[in-house]
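Presented below is the structure to which this report refers.
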Amino acid sequence: MTNETQRYADLMPDGSGLADLQDNVLSDYERATRLRSFSATGIPGWLQTAEYAHAMLTCFRRLAGEPGHDVDAAVASRRKREQLLRDGRRQVHSIIGQPGLRYVVGGDPGMLASALTHVLEAIDWPTCTIGVMPDFNYGPQIPPLGTFYLLDDTSVSLETEVTSTTITEPKDIAVYDRAFTCVAALAVYGGEAKAVIRGVINSLD
């Protein structure tokens, strides 16, 4: 049986619970020294601007039919993840699917353009390797993938806005490790990645 733990945002009547989930995920990331991610549907949490994260979390609150009293606190917790990318104590390799770059969260193209500009800046951070998977060009090696985060070689985090599942079964971690190796080989980096992102930004005008 797969070893996994699952945490849900306990969406209380007063709209609380979401911030606690973000805090718990942050604690998992803080313990890791090697962070890898593939984000299929949007900008990964540790590269999100405050405005992008707020729009994303607010959308899910609305779907849940709950007030969003703790969205600001949840955004503040999520933004702390960026420090993990910049403190020089971790190896970070993040890959974003090109269709995810185009998702206009909350219907605000200007906000998305700012968020993508932030990713452009992050490509030059010395602590990070950031790639773009052009148009989900998976090739024959792997099937379409959802978003996942590899923490060291000891766990995989499958995170949505309202739940986080952590997988610790070695054989299952190995599957995600091989999948990441495949998408990393197909992704583009540096100037090529920037060109893809700038193309998306220009298309928002």
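Every number here is computed from the coordinates shown, using simple stated rules; none is lab data. Small disclaimer: the values here were computed from a predicted structure and weren't measured. Here the Cβ positions follow ideal geometry from the backbone for every residue, glycine too, while neighbour counts run over all protein chains shown.
Taking other C-beta atoms within 10 angstrom as a stand-in for reagent exposure, R61, R90, R78, R102 fall in the order R102, R90, R61, R78, fewest first. When each of T147, T181 is scored by the number of other beta-carbon atoms lying within 10 Å, the sequence from fewest to most is T181, T147. As a rough footprinting exposure proxy, the listed residues M111, M133 were ranked by other beta carbons within 10 Å of their own, and the order from fewest upward is M111, M133. The HN-Hα couplings worked out from phi for segment 184-198 by the Karplus form 6.51 cos²θ - 1.76 cosθ + 1.60 (θ = phi - 60°) are 5, 6, 8, 6, 10, 9, x, x, 5, 5, 4, 5, 5, 5, 4 Hz, whole numbers, x standing for Gly and Pro.
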